[in-house]
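The values are calculated or read from the model by the stated rules, or taken from the named source; none is laboratory data. Just so we're clear, the structure is a prediction, and the values are computed from it rather than from any experiment. Counting neighbours? That spans all protein chains shown, and the Cβs are built from the backbone with ideal geometry, glycine included.
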Amino acid sequence: MRDVETYEEFRKRKEPPKWWTPKIDRTVLQGLMQRNDIHAILAYGGWFALLAVLGYLSAALYNAGSAWCILAFFVYGTIFSMNNSHLHESLHGTPFKTKALNKMMFFITAAMEFRATTLTRWRHMHHHAWTIIKETDLEIQAPRPVKLWKVLIEFFYLGSTVSLFKILFLHSIGIVSTEAKRVVPKSDYQKMFWSSRACLALHIVPIAAALVLRSWLPILLFTVPRLYGGFLMWILILAQHSGLAEDVLDYRLNTRTMRLNPVLSFLYLHMEYHTEHHIFPNIPFHSLAKFRSHVEDQMPRAYNGLWETYKEEIPVLWRQRRNADYFIHREMPG
């Protein structure tokens, strides 16, 4: 069997494709790309504060032996799982003007869902360069033909957890995973090994605390919330690209923008403007809506919330189980 093609071999064979970009004044675009610590502190600080309050409430109810702790933990886990949008923004280095804060937030929020920073960054950069290009993009959420059971278990983050822990273990003992060979340069292997060890070490702390305290609380509060509270996060993630066109070089055709209410938008760090984010990933989360307003006439209509999105997407995913060539054709302006 042929060895996995390495990142270096792939880059010799292929250059990243050139994607469609909208017409926008260069000065306006540069202004939109400005980082701002205040915006980031309010967004990340607000999320962490909400998490702390819900964590305290959940722990108090658990210690009191109240059955209400089940509901409290579900809400806590749901907010905890919004780490995905926060790690994603930190990965791009766009929320904070202060680079050290981006790095710190990226490490913490990535570890919250068992991801080490080095592989996660390279994997996601590869996704941006090759968005929904079959057999190249490693972040296609519902590959065709769609296997519905794989989509459904991600509501509990099960498929990802098994895969990520296997990768973390391999990298921690110095073995390069198949996935990493494809997207990580050899020059970053050592950094990848140490970032995986750091991620695992962070998860040892609540496990050790649980053993010392003889309580499940540390594990319930840090190790497993992404599993029991990931329902809403997966609904948002699955809406980003699923059901849309493959193998096209226009983000308007393979990426979805939605309108969300202010609460969801805050928790999701405005990633409902996902087409806009893919077009210019260096625009911080707080400027995506503004960017959209500048290019509105060049973009397809945004979906009106999750209801309209899934009213169209669910029948398409069902049909894609049997027909891998079927997809949603987006109506383009003009």
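For the stretch 81-98, the criterion of being assigned to a helix (DSSP H, G or I) and loosely packed, with under 15 Cβ neighbours inside 10 Å is met by none of the residues. Where helices (runs of 4 or more DSSP H) sit wholly within the stretch 146-228, those with at least 1 residues that are loosely packed, with under 15 Cβ neighbours inside 10 Å and at pLDDT 95 or above occupy 148-153, 158-172, 178-183, 189-213. Pairs linking a residue in the stretch 129-152 that is within 16 Å of Glu179 (Cβ to Cβ) to a residue that is among the basic types (Lys, Arg), with Cβ atoms under 6 Å and 6 or more positions apart or on different chains, are Leu138/Arg123. Condition check for Glu139 on (1) out of contact with any Phe, Trp or Tyr (no Cβ under 9 Å at 6 or more places or on another chain); (2) at positive phi: one failure, at (2).
Can you find a residue that is in contact (Cβ under 8 Å) with a residue 40 or more places away in the chain and over 17 Å from the mean Cα position of the chain (by Cα) anywhere in the stretch 82-96? Yes, the conditions are met somewhere in the stretch 82-96. Among residues of the stretch 259-271 that are in contact (Cβ under 8 Å) with a residue 12 or more places away in the chain, those with a Cβ under 8 angstrom from a residue that is among the hydrophobic types (A, V, I, L, M, F, W, C) and surrounded by fewer than 16 Cβ atoms within 10 Å (Cβ to Cβ), sequence gap 6+ or separate chain, pair up as His270/Ala289. Only one entry in Glu246, Glu272, Glu276 is surrounded by 18 or more Cβ atoms within 10 Å (Cβ to Cβ), farther than 30 Å from Ile167 by Cα, within 20 Å of the chain's Cα centre (by Cα) and not hydrophobic (A, V, I, L, M, F, W, C), namely Glu276.
So that you can scan it fast, the table gives a plain yes or no per residue for (1) of a type in the set (A, V, I, L, M); (2) within 23 Å of Phe231 (Cα to Cα):
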position	(1), (2)
Glu89	no, yes
Trp122	no, no
His126	no, no
Pro143	no, yes
Leu148	yes, yes
Ile153	yes, yes
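The requirement of being in a helix (DSSP H, G or I) and in contact (Cβ under 8 Å) with a residue 60 or more places away in the chain is not satisfied by Gly45. Restricting attention to the stretch 254-269, the residues being surrounded by 20 or more Cβ atoms within 10 Å (Cβ to Cβ) and not in a loop (DSSP other than H, G, I, E, B) number 4. In the stretch 283-327, the qualifying residues are those that are exposed (fewer than 14 other Cβ atoms within 10 Å of the Cβ), among the polar types (S, T, N, Q) and more than 19 Å from Ile235 (Cα to Cα), and the one that is nearest to the chain's Cα centre (by Cα) is Ser293. Suppose we filter the stretch 123-145 for residues that are among the aliphatic types (A, V, I, L, M) and either closer than 21 Å to Ile314 by Cα or at pLDDT below 95 (or both); how many remain? Final tally of qualifying residues: 3.
Tell me, which residue of the stretch 110-141 that is among the small types (Gly, Ala, Ser) and not in a loop (DSSP other than H, G, I, E, B) is surrounded by the fewest Cβ atoms within 10 Å (Cβ to Cβ)? Checking each candidate, the answer is Ala129.
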